[in-house]
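The values are calculated or read from the model by the stated rules, or taken from the named source; none is laboratory data. All values derive from a computational prediction rather than experimental measurement. Here the Cβ positions follow ideal geometry from the backbone for every residue, glycine too, while neighbour counts run over all protein chains shown. Each accessible area value is taken on the protein alone, full model and side chains, heavy atoms only, with ligands, DNA and RNA left out. Shrake-Rupley method; radii C 1.70, N 1.55, O 1.52, S 1.80 Å.
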Amino acid sequence: MNMRVSITDVAKKAQVSIATVSRVINQNDYVAPETRKIVEAAIKKTGYHLPQHHLANHTKNKIIEVILPSVTNPLYAKFYQEIERNLAAENYSSLLKIDNDPTHTLEPYLTALKKGKIAGIITSSNLPIADQNASNLLPIVSFDRHLNKVTVLKCNNLDGGYKIAQKVLSLGKKNILILSGNRADLYPLNDRLKGMLSVFNHYKVNVKTTYIDFESSMMVKKIQIAQIIDSPKFDAICCTDDVTALLVKQHTDEMNYHPLITGFDGTDFIHSFFPELITVKQPIEDITKLMCEILIKKIHHPSKHFEPEYIFPVTLLD
């Protein structure tokens with residue numbers, strides 16, 4: 001890679017002005033999305049390295065903003081714990097922000113990033129990025145959420161859904177409820193549900209799908225579950241996360257009703273309360289380790305290429 005490539009070379013390759021390249025690099029003014037794509041491609045093709053003064057804006061305080069939709073879910077608590085540990089090993093600190101408001105965007109965090117107040121962003125919230133602000137050059141990585149021009153790391157949710165459904169059918173269950181912990185997962189269907197439904201529908205078993213509100217308090221979730229499961233009409237209830245599975249078990253036990261219950265995530269915390277739960281374990285340690293490695297490389301080498309998506313295998317715990 002040629003270390004002497006200049007911003008002029010990038011402008012020539014992209015057939016744009018030096019000022020346009022500068023706006024893309026510094027993220028300080030509007031650039032049409034198509035033009036931005038051309039400039040970013042030229043930066044990668046020429047091997048242009050951002051100047052040290054630009055890198056310093058993102059690295060001087062070594063703070064990473066971690067944006068999560070919740071920490072009440074043990075999966076996110078474990079996720080943040082591992083992120084914090086991996087960043088500390090590289091002399092970075094983390095700043096936790098809980099943000100799952102559907103009216104919010106990632107723009108305030110991008111502003112902090114561009115001003116050098118933070119060095120990078122790790123997110124697992126569905127906060128969108130406007131086309132004019134999206135860039136492969138920005139030090140942002142996402143866990144299990146697809147965002148505009150952001151590298152995403154996740155487990156193989158589709159295969160996890162297959163594994164759960166196959167296990168349920170192997171135990172002879174034929175009347176099944178799929179209960180999602182998030183309405184958004186149903187519109188459109190997420191991969192966990194797609195995996196389950198592809199198996200259940202193939203074998204033509206009776207299956208119903210519904211949801212509870214992820215953002216609600218635990219008490220509201222319990223009330224919603226009680227309204228959904230008001231009689232022992234299902235012989236299996238498949239939940240898209242372990243917390244929902246635990247709440248379902250508490251409710252069905254109170255009814256003296258004991259359907260097969262499955263979860264998804266495989267956290268040790270839930271296993272301690274519900275050891276017999278059939279669930280899918282996500283390799284959180286491996287995911288967070290690679291996330292931090294990629295993010296730090298993005299901070300220091302913005303033009304370095306990364307795959308848009310990294311998918312990790314899952315394990316059925318039964």
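For the chain, the share of alpha carbon pairs falling in successive 10 Å distance bins from zero is 6, 25, 29, 20, 13, 7, 2, 0 percent. Applying a DSSP loop filter and a limit of 14 other Cβ atoms within 10 Å to the GluC sites (Glu not before Pro) in segment 263-318 leaves GLU276.
Computed over the chain with a Gaussian network model linking Cα atoms closer than 10 Å, the most mobile of GLY47, GLY161, GLY181 is GLY47. Computed on segment 129-237, the Cα convex hull volume stands at 126 Å³ per residue. Setting aside same-chain residues fewer than 8 positions from LYS173, which lysines have a Cα under 19 Å from its Cα? Once the sequence-local lysines are set aside, what remains near LYS173 is LYS163, LYS194, LYS204, LYS208, LYS233, LYS249. Relative contact order of the chain, taken over Cα pairs closer than 8 Å and 6 or more residues apart, is 19 percent. With contacts taken as Cα pairs under 8 Å and at least 6 residues apart, segment 158-208 reaches a relative contact order of 57 percent. Entry comment: accessible area of the chain is 47 Å² per residue, from protein heavy atoms only and a probe of 1.4 Å.
Hey, any idea what % of segment 240-318's accessible area is carbon plus sulfur with a 1.4 Å probe?
Looking at segment 240-318 in its full context, I get 57 percent from C and S.
Lysines within cross-link reach of LYS149: Cα-Cα under 18 Å, excluding same-chain residues under 8 positions apart? Qualifying lysines at Cα under 18 Å: LYS37, LYS44, LYS45, LYS114, LYS297, LYS298, LYS304. Over segment 209-318, the Kirkwood radius and the radius of gyration, each from Cα atoms, give a ratio Rg/Rh of 1.13. For ILE64, the amide hydrogen comes within under 5 Å of the amide hydrogens of SER93, SER94, LEU95, ALA119, counting only partners 5 or more places away or on other chains and with H modelled in the peptide plane.
Counting only residues at least eight positions apart within a chain, or on another chain, the aspartates and glutamates with an alpha carbon under 13 Å from that of LYS13 are GLU40.
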